[in-house]
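Participant: Next up is a structure, given as structure tokens.
What follows is calculated from the coordinates using simple rules that are stated; it is not laboratory data. No experiment lies behind these values; they were computed from the predicted model shown. When we count neighbours, we look across all protein chains shown, and the Cβ atoms used for this are built from the backbone with ideal geometry, even at glycine.
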Amino acid sequence: MLGYRGYREWNSVGFRRLETPSREVHVILSFGPRIRANGEEVESFVAAPHTRHAVVESGGEQHCVEIRLTPLGAYLVLGVPLDELADRTLPFEDVWGDGELVERLHDAPSWGARFDLLDAVLAARIAAGRPLRPEVEAAWHRATAAGGLQRRRGHIRPRRCARRRLASTA
């Protein structure tokens, strides 16, 4: 987990911004109006690592919690292999299973109470989830130590680990 933050932004004319490609998984838990990402209306959503930029637009207000995850952290928290998420933006409920967390966070009396709730829920999800396969964790650490995935065959992938297995499981 890289961290999370709560924020509220607004202006009278709305905004349009370019989001650059990222290796992070962003989970947006929205308490306010929908926004548009690449022309599609979204509310609470999971944005996995993308290879292309995204154009994000708002009518002027956004109120939410943003959770920033590494791909391994996303697997531990969301329980979904990254190959099912990559280059996609999906409704939060489709990935998480329901929207109850968003409602509970919205109803919390303060940002401190929201973060306490989020700490407890995320810790419980990680504890209840499947652990990472050792070869996946090792490959991730080699890739990040090398500054990113290398295209050379066999450099990142552990020996005796099929590429398909590494990509589709964690």
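Participant: With charges set only on the Cβ (+1 for Lys and Arg, -1 for Asp and Glu), what does the dipole of the chain come to about its Cα centre, in debye to the nearest 20? Walk me through the numbers on the way to the answer.
Facilitator: On the way: 25 positive and 22 negative charges, 303 e Å.
Dipole size: approximately 1460 debye.
Participant: How far is helix 111-128 tilted, in degrees, relative to the longest principal axis of the Cα atoms in the chain, given as a value from 0 to 90 rounded to the nearest 10?
Facilitator: So the inclination is approximately 30 degrees.
Participant: If you don't mind, there's one more thing I want to ask. Can you compute the FRET efficiency between H141 and T51 using 1/(1 + (r/R0)^6), with r the Cβ-Cβ distance and R0 = 22 Å? Round to the nearest 0.05.
Facilitator: 0.50
Participant: Arrange W96, W111, W140 by Cβ neighbour counts within 10 Å, fewest through most, would you?
Facilitator: Final ranking by Cβ density, sparse to dense: W111, W140, W96.
Participant: Sticking with this structure for a sec: Multiplying the sequence separation of R133 and S22 by 0.36 nm and subtracting their Cα-Cα distance, what value in nm do you get?
Facilitator: Additional length available on full extension: 37.6 nm.
Participant: For the chain, report the translational diffusion coefficient in µm²/s to the nearest whole number, using Stokes-Einstein at 37 °C, 0.692 mPa s, and a Kirkwood Rh over Cα pairs.
Facilitator: Taking Rh from Cα pairs, D becomes 190 µm²/s.
Participant: Okay, moving on. Compute the acute angle (0 to 90°) between the alpha-carbon long axis of helix 134-145 and the principal axis of greatest extent of the alpha-carbon atoms of the chain; round to the nearest 10°.
Facilitator: It is inclined by approximately 70 degrees.
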